[in-house]
Structures are given as C-alpha cells and as structure tokens.
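For reference, the structure discussed in these notes is given below.
The values are calculated or read from the model by the stated rules, or taken from the named source; none is laboratory data. Every value quoted in this text rests on a predicted model; they were computed, and no experiment measured them. Here the Cβ is made from the backbone with ideal geometry for all residues, glycine too, and neighbour counts use every protein chain on show. What goes into the accessible areas is simple: the full protein's heavy atoms, side chains included, and nothing from ligands, DNA or RNA. Shrake-Rupley method; radii C 1.70, N 1.55, O 1.52, S 1.80 Å.
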Amino acid sequence: MRINTNRLQLRPLTIADLDALLIIHSSAEVQRFFGILDRAELADWLARVEEDWAQDGYGRAAILDGATGRLIGRAGLKRFPEYGETELGWVLEPGSWGHGFATEAAHAWVRWGFENLDVPYLTSMIAPENTRSIAVAQRLGMTALRTDMLLGEAVTVYSISRNSWPSTSPNRNEDPSQPC
Ligand SMILES: CC(C)(COP(=O)(O)OP(=O)(O)OC[C@H]1O[C@@H](n2cnc3c(N)ncnc32)[C@H](O)[C@@H]1OP(=O)(O)O)[C@@H](O)C(=O)NCCC(=O)NCCS
C-alpha cells in the first residue's frame, strides 16, 4: 500500500528502514519524547510494526520526500486492543520540521482511516509538554478527550471523530492523498 500526498509518499515501514530511523532517533529533539532507543530496540519495534501490517493491513508508515524518496519521518496508525482504539502517531527528523509535513502525512492517514476502517474515532496520545505535536493534532481538528498513562508516562489523549471529519479538516478542499 502506498499513499501519495502533495509533497510526500507514505508506505509501510520495514526492517530495511532501520538505519534511517536510527539517525532520526539519535537526535536529542526526538529523544526528548521517545527516550534513547538503541539499534536492537528499534529493530524489535520494526519487527512489531511488520507484524501489525501483516495482521491488520495497516500500521506505522515511512514518510518519504515525494521528490527524492528520502525517508524524513514516520506517521501511521496502530490498533491498541487494550484501549479499543486506533492511534495515529508522527515523528519527523528535526531538519524537516516547520514545513507542515507531519500535518500533511497525518491528514492523509486520518482520511485513510475513516475511509477504510470501521472506527468511530482516531486518537493521538501526546505528552502535555509536547507543544509541536499538540499543534499537529489541533491542525487536524483533534481535541483533548482524556488524560491517560502510556508506558508509565502521563499523556493527553487527543481524538477526532468520524462525525467531525471532514468538517474540521484544514485541507478538505484540496486533494491531498490518493491511496493506491
Ligand atoms: C511532532 C513533530 C512531528 C511536529 O513537527 P512540525 O514540523 O512542528 O509539524 P508540521 O510538520 O505539521 O509543521 C508545522 C509547522 O510548519 C509550518 N507550515 C509550513 N507550511 C505548512 C503547511 N503547508 N501546512 C501546515 N503547516 C505548515 C506551520 O506553520 C508550523 O510552523 P511552526 O514551526 O512555526 O510551528 C516534530 O516536532 C517531531 O518529530 N517531534 C519529535 C517526535 C514527537 O514528539 N512525535 C510526537 C509524539 S506524540
């Protein structure tokens, strides 16, 4: 599966993306919210991502620069059976912040989720001090649903409901994504 947006390509992450992800996770800006993940931990995480894709038909995806094909981050959906929810997450290499790439990728995934999954709403779990990530959620039209704990850390769970999509979509008049 591949989703094309105006400036990006989204496709399933695989173990072949390990080196590119290691570079992103070696930056202090990303480690601030994900901690330090070494090569083995990221490889384990990618193995679970591959299992999610095989089991669910969707999962965490690479964000590629549409012009060059270079991996600049990741965004995608993950089903959390323990919450009965499907979560949308995003990470960009710091050099690609400030251009709207996370919002563009996440917007495409919200659209894909509501068009392809039988879910009433999608969530994003965000640390209260992660102001850039909260801004992405707000640009998508997400609002705070509740506070919760994720891996021992307090998070605010943001959500967008099927009913409010696409009325709150900032790009609803564009043609940002064409799943193919
Ligand atoms: C969270 C994260 C992905 C947000 O990145 P970001 O670059 O701030 O978000 P976007 O890519 O949507 O870009 C928004 C910025 O681009 C600007 N922008 C430019 N063109 C834009 C466009 N076409 N559409 C939207 N925004 C645009 C916005 O004004 C905003 O500018 P700002 O830097 O002044 O706030 C990034 O900070 C990150 O990877 N953080 C570390 C990992 C992390 O915390 N992930 C989330 C865990 S919950």
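Okay, here's what the table says:
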| item | result |
| --- | --- |
| Pairs where the first residue, in the range 99-123, is farther than 19 Å from Leu145 by Cα and the second is among the charged types (D, E, K, R) and crowded, with 20+ Cβ neighbours inside 10 Å, C-beta under 9 Å, 6+ apart | Ala105/Arg74 |
| Among (1) without any contact (Cβ under 8 Å) to a residue 40 or more places away in the chain; (2) under 19 Å from Trp112 (Cβ atoms) - the single one Arg60 does not satisfy | (1) |
| Hits in the range 93-119 - residues which are open to solvent by 40 Å² or more (accessible area, probe 1.4 Å), among the small types (Gly, Ala, Ser) and near the ligand (Cβ under 6 Å from one of its atoms) | Gly98 |
| Residue match in the range 68-87 (condition: in a loop (DSSP other than H, G, I, E, B), in contact (Cβ under 8 Å) with a residue 40 or more places away in the chain, under 22 Å from Ala137 (Cα atoms) and more than 14 Å from the chain's Cα centre (by Cα)) | yes |
| Per-region count, the range 120-135, residues near the ligand (Cβ under 7 Å from one of its atoms), open to solvent by 10 Å² or more (accessible area, probe 1.4 Å) and either in a loop (DSSP other than H, G, I, E, B) or of a type in the set (Val, Ile, Thr) (or both) | 2 |
| Subset of the range 1-43 (residues that are modelled with pLDDT under 95 and either within 24 Å of Ala108 (Cβ to Cβ) or small (Gly, Ala, Ser) (or both)) | Met1, Phe33, Phe34, Gly35 |
| Residue satisfying condition, being open to solvent by 10 Å² or more (accessible area, probe 1.4 Å) and in contact with an Asp or Glu (Cβ under 6 Å, 6 or more places away or on another chain), within set Arg79, Arg74 | Arg79 |
| Close pairs from the range 134-154: first within 16 Å of Tyr121 (Cα to Cα), partner among the hydroxyl-bearing types (Ser, Thr, Tyr) and modelled with pLDDT under 95, Cβ under 6 Å, at least 6 apart | Gly141/Thr168 |
| Counted residues, the range 68-106 - those being aromatic (Phe, Trp, Tyr) and within 22 Å of Ser27 (Cα to Cα) | 3 |
| Residue within the range 139-146 that is out of contact with any helix residue (DSSP H, G or I) (no Cβ under 9 Å at 6 or more places or on another chain), modelled with pLDDT under 95 and either away from the ligand (no atom under 15 Å from the Cβ) or open to solvent by less than 10 Å² (accessible area, probe 1.4 Å) (or both) present | no |
